[in-house]
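One structure is given below, encoded as structure tokens.
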Amino acid sequence: MKALSITVTNGQPPATLTVDRPQVTTTFRIGHFATPSETVQVTSSGTATVPLTVQSGTASGGAWLSVSPPSGVTPASLTLSFSPTSLPPGVYTGTVTVTPATGTPLNIAVTLS
């Protein structure tokens, strides 16, 4: 008896995501108003909507970066929020990763100084 393998596709190539801002840089001034949130627009190639998940991470300083919503479909508007109040002065880096249901994840570099 031979095994039969069948692969079913929708005929579409994996989605390619694009963002209007591949890097976000913001400044926090101690003793001033809270750092305002930033918005990044995510779109996909083609005309179909693409399901995606979104995560944030930081290289140092703890969890000063967050993103919402954590999932959605393209086109999407992501809100990046900053909580730097317990950080000493310095430069901090982070990444927001947008992952389509199929295709290659896209990273948005974030710098807080």
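The values are calculated or read from the model by the stated rules, or taken from the named source; none is laboratory data. This structure is a prediction, so every number in the text was calculated from the model and none was measured. As a convention, Cβ positions derive from the backbone with ideal geometry for all residues, glycine included, and neighbour counts pool all protein chains shown.
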Residue match in the range 80-88 (condition: β-branched (V, I, T), over 13 Å from T26 (Cα atoms) and part of a strand (DSSP E or B)): no
Residues satisfying the stated conditions in the range 31-59, i.e. free of Cβ contacts under 8 Å to residues at least 60 places away in the same chain and more than 16 Å from I108 (Cα to Cα): G31, H32, F33, A34, P36, S45, G46, T47, A48, T49, V50, P51
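Would you say L106 is more than 15 Å from V19 (Cα to Cα) and at pLDDT 90 or above? If you could, list the steps in order and put the result at the bottom.
Working: more than 15 Å from V19 (Cα to Cα): no; at pLDDT 90 or above: yes.
So L106 fails the test.
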Some residue of the range 90-100 being surrounded by fewer than 12 Cβ atoms within 10 Å (Cβ to Cβ), assigned to a loop (DSSP other than H, G, I, E, B) and either out of contact with any strand residue (DSSP E or B) (no Cβ under 7 Å at 6 or more places or on another chain) or of a type in the set (S, T, Y) (or both): yes
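Scan the range 75-88 residue by residue and report those that are surrounded by 14 or more Cβ atoms within 10 Å (Cβ to Cβ) and at pLDDT below 90.
Applying the first criterion (surrounded by 14 or more Cβ atoms within 10 Å (Cβ to Cβ)) to the range 75-88 yields 76, 78, 80-84, 87.
Those that are surrounded by 14 or more Cβ atoms within 10 Å (Cβ to Cβ) and at pLDDT below 90: P84, L87.
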Positions within the range 16-73 being loosely packed, with under 14 Cβ neighbours inside 10 Å and more than 30 Å from A101 (Cβ to Cβ), in sequence order: T27, R29, I30, G31, H32, F33, A34, P36, S60, G62
